[in-house]
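As structure tokens, the structure follows; a few thoughts come after it.
Each reported figure results from applying straightforward, stated rules to the coordinates on display, with no laboratory input. All values reported here derive from a predicted model rather than from experimental measurement. A quick note on method: Cβ atoms are made from the backbone with ideal geometry, for glycine too, and the neighbour counts reach across all protein chains shown.
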Amino acid sequence: MIANKRIHIRKDCLVPVRYTYEGQHKTYYARMVNYGDGGLCLKTRTPIEPGAKLELSLEGYSPKESALGEFDRYPVAVCWTKQIPERGLPVYETGLKYRG
């Protein structure tokens, strides 16, 4: 059994997200599969290199408001990426940490 090294508890979810690489304008799409106070995990069709800095957008979500808002952007950094088996298609999970 592999020990969980996380400091913060993660909550499972399945939320569509958009992301861009810092300084670029091309938008990529993924699904957030869990989140917590320290970071989150995305499921993507292409690998994202560890160390990459991204801007993540959650459609219509704003933690500062109770109502749905526009796309808010959250700066994150990639900690790890691994390929996972899923119906013969290349699928990757990517661990992200929040940046200030």
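Cα gyration tensor of region 10-98, axes a ≥ b ≥ c as square roots of the eigenvalues: rounded (a/c below 1.5), prolate (a/b > b/c) or oblate? Note, shape of region 10-98 comes out prolate. Counting 0.36 nm for each residue step from Val91 to Thr46 and taking away their Cα separation leaves a gain of 15.5 nm. Ranking Gly36, Val91, Tyr74 by how far each Cα lies toward the positive end of the dipole of region 10-98 (charges on Cβ) leaves Val91 at the top.
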